[in-house]
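Please see the structure below; I have some questions.
The values are calculated or read from the model by the stated rules, or taken from the named source; none is laboratory data. Just so you know, these numbers come straight off a predicted model, no measurement behind them. In this analysis, Cβ positions are derived from the backbone assuming ideal geometry, glycine residues included, and neighbour counts consider all displayed protein chains. The protein model used for the area step is the full one, side chains on, heavy atoms only, and it has no ligands, DNA or RNA in it. Shrake-Rupley method; radii C 1.70, N 1.55, O 1.52, S 1.80 Å.
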Amino acid sequence: MKATIKNTAIAVSLGLTALSGASANATTIGDTQVKFTGYIKADAMVSNYSEGTLGAGSIGRDFYIPSLTPVSGTDEGSQFDAHIRQSRFRFTTNTPTDEGDIITGVLELDFIVTGGGNERISNSYLPRVRHAFIKYNNWLIGQTWTTFMDVGALPESLDFIGTTDGITFGRQMMVRYSNNGFQVALENPESTITPNGGGSRIVTDDNAVPDLIATYTTKGDWGHVKLAGLVRQLSYNNGAGIDDDITSAGISITGKYKLSGGDDIRFSFNTGSGLGRYAALNASNGAVITADGNLEAIDSTGYAIAYRHVWNAKMRSSFTFSALDIDNETSLTGTSVTQSTYSTRANFLYSPTKALTFGAEYTYAKREVESGLEGDMNRLQVSAKYAF
């Protein structure tokens with residue numbers, strides 16, 4: 001929506017007034033500034049798996065999920081997929097108060113990891129809420145990126161995330177206080193549990209307290225570094241003899257270091273006991289059930305590095321590597337659980353104009369489970385993106 005509305009009749013009927021000095025896509029409704037942004041992105045990819053393929057509808061066919069790389073020992077397989085699921089739109093509002101403060105509201109939606117439609121007739125994906133929060137002074141309340149995550153350390157990638165194996169990631173409800181580089185947040189809890197001896201993941205909602213996260217970020221002309229700490233409760237009560245709580249803790253160090261000519265290096269390191277869903281898209285669960293019905297936290301360590309090189313004003317590339325190592329006690333978890341994953345990728349992006357980007361990206365990924373089975377993925381992805 002443009003601030004300059006050519007049709008006066010439409011402007012009057014909608015009650016919209018152009019903001020003097022505001023950005024081109026901002027308007028006012030009453031006293032509130034409203035901004036509409038987002039992008040349309042089309043992706044196509046060919047994936048080759050050394051050990052079979054992913055089933056129809058698997059989210060691993062839309063973007064890379066470390067724990068889904070097949071290790072079944074079946075024949076090699078290839079698959080082609082195309083979608084617009086990453087397309088998103090975002091509304092941001094800013095309302096001044098009588099006291100001179102600003103209340104900010106954000107609502108953002110996209111179409112990835114949702115149902116709806118089919119590839120036979122209509123790829124009609126349902127929208128989902130990504131972010132929905134309010135900010136007032138130093139406070140944020142609502143759903144957004146977990147405070148344990150560093151969005152600024154993510155590389156520019158055609159894939160949905162880019163360094164998935166080695167980062168912390170998640171969006172959830174929270175109450176966060178920020179002041180001079182410090183942040184403290186209470187966030188919505190959830191426990192993921194491995195049954196004794198292995199089996200399907202148990203997702204519980206038995207936690208009695210929220211997750212506690214504290215971070216400090218230092219910034220300068222050289223870039224930034226973020227240190228984060230997490231303490232949370234893992235809890236499971238099945239109503240049939242298993243009722244236990246344990247404490248989980250982890251740390252994360254992330255950042256971005258700027259180089260000359262617009263180049264930069266982005267890095268991430270996280271380790272902890274029971275990180276579970278916070279690390280590598282829940283490639284490992286937070287805890288496993290012991291033979292006597294108690295919970296034991298599962299340790300994991302992830303790390304990633306990305307180098308971004310600017311070729312010229314319109315061309316750039318990113319080269320990334322990320323990995324995850326999980327310390328499973330196989331007498332409890334069994335041998336079918338993921339032991340390690342890693343991925344590496346290289347891309348080339350071309351923007352003929354600021355709002356339009358075309359790109360190509362190659363990804364190699366490998367996964368190994370505790371039994372020794374392993375499999376790899378080679379993926380070539382191309383995309384076109386219009387940001388507004």
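Highest first, please rank the peptides 296-303, 31-38 by the mean number of other Cβ atoms sitting within 10 Å of their residues.
Ranking, from highest mean packing down: 296-303, 31-38.
Highest first, please rank the peptides 238-245, 304-311 by the mean number of other Cβ atoms sitting within 10 Å of their residues.
Top of the packing list down: 304-311, 238-245.
Quick check: at a probe of 1.4 Å, how many percent of the accessible area of the stretch 79-144 sits on carbon and sulfur atoms?
Numbers: 2160 of 3700 Å².
Exposed carbon and sulfur together represent 58 percent of the surface.
Assuming R0 = 22 Å, can you tell me the calculated FRET efficiency for the pair ASN294 and SER336, based on Cβ-Cβ distance, to the nearest 0.05?
0.50
When the helices in the chain are scored as -39500 (n - 2.57) per DSSP H run of 4 or longer and the sum is shared across all residues, what 222 nm value do you end up with, to the nearest 500 deg cm²/dmol?
Helix-only estimate at 222 nm: -500 deg cm²/dmol.
Report the dimensions of the stretch 60-101 along its three principal axes from the alpha-carbon atoms, largest first, rounded to Å.
67, 21, 6
First measure r as the distance between the Cβ atoms of THR247 and LYS219, then evaluate 1/(1 + (r/R0)^6) with R0 = 35 Å and state the FRET efficiency to the nearest 0.05.
Efficiency for this residue pair is about 0.65.
Then there is this: When every alpha-carbon pair in the stretch 91-157 is counted, what percent end up more than 15 Å apart?
68
Diagonalise the Cα gyration tensor of the stretch 33-86 and give the resulting equivalent ellipsoid semi-axes, square root of 5 times each eigenvalue, largest first, whole Å. Before the final figure, lay out each step's value.
Details: eigenvalues 194, 26, 10 Å².
One finds semi-axes of 31, 11, 7 Å for the stretch 33-86.
Also, quick follow-up: Report the convex hull volume per residue for the stretch 130-267, counting only C-alpha atoms, in Å³.
Taking the convex hull of the Cα positions in the stretch 130-267, it is 141 Å³ per residue.
Now for a different question. Pick from SER200, SER343, SER268: which residue has the top mean-square fluctuation in a GNM of the chain where Cα pairs under 10 Å get a spring?
SER200
A follow-up question, please. Can you compute log10 of I(q)/I(0) for the stretch 261-318 with the Debye formula, treating each Cα as one identical point scatterer, at q = 0.19, 0.24, 0.26 Å⁻¹?
These q points yield log10 I(q)/I(0) values of -0.73, -0.89, -0.96.
Now for a separate question. Which whole-number value in Å³ per residue fits the convex hull of the alpha carbons of the chain?
Output value, Cα hull per residue: 173 Å³.
Continuing with this model, one more query. In terms of the ratio Rg/(2.2 N^0.38 Å) built on C-alpha atoms, what value belongs to the stretch 166-243?
In units of the globular-protein estimate, the stretch 166-243 measures up at 1.44.
Relative contact order for the chain using alpha-carbon pairs under 8 Å, separation at least 6, rounded to a whole percent?
15 percent.
While we're looking at this one, here's another question. In the stretch 151-207, carbon and sulfur make up what percent of the accessible area (probe 1.4 Å)? Spell out each step's value before the answer.
Values: 1120 of 2220 Å².
Answer for the stretch 151-207 is 50 percent, counting heavy atoms of protein chains only.
Given the convex hull over the Cα atoms of the stretch 187-314, what projected area results after averaging over all orientations, in nm²?
9.8
Right, something else. Residues of the stretch 122-158 with backbone nitrogen within less than 14 Å of a virtual label 7 Å along the Cα-to-Cβ line of LEU186, please, listed as ranges.
What the label zone holds, given the 14 Å backbone N cut-off, is 140-142.
Let me ask something else about it. Provide the descending list of Cα extents for the stretch 270-383 along its principal axes, expressed in whole angstroms.
Ordered largest first, the stretch 270-383 gives principal extents of 62, 25, 19 Å.
Same structure again: Quickly rank 257-264, 270-277 as a protection proxy: mean count of other C-beta atoms within 10 Å, highest first.
Descending mean neighbour count gives 270-277, 257-264.
Evaluate the stretch 53-199: find the radius of gyration of its Cα atoms, find its Kirkwood radius, and give the ratio Rg to Rh.
When Rh is taken as the Kirkwood radius, the ratio is 1.04.
Averaged per residue, what accessible surface does the chain expose to a 1.4 Å probe, in Å²? Intermediate values should be presented prior to the final figure.
On the way: 18160 Å² over 388 residues.
Counting only protein heavy atoms, the per-residue value for the chain is 47 Å².
Something else: How large, in percent, is the carbon and sulfur part of the accessible surface of the stretch 260-388 at a probe radius of 1.4 Å?
The computed percentage sits at 59.
Using the Karplus curve 6.51 cos²θ - 1.76 cosθ + 1.60 with θ = phi - 60°, what ³J(HN,Hα) values do you get for each residue of the stretch 242-251, in whole Hz, with x for Gly and Pro?
10, 8, 8, 10, 9, 9, 10, 8, x, 10
On a 1.4 Å probe surface of the protein chains, which of GLU190, GLU361, GLU374, GLU76 comes out largest in accessible area, and what is the full order?
GLU76, GLU374, GLU190, GLU361
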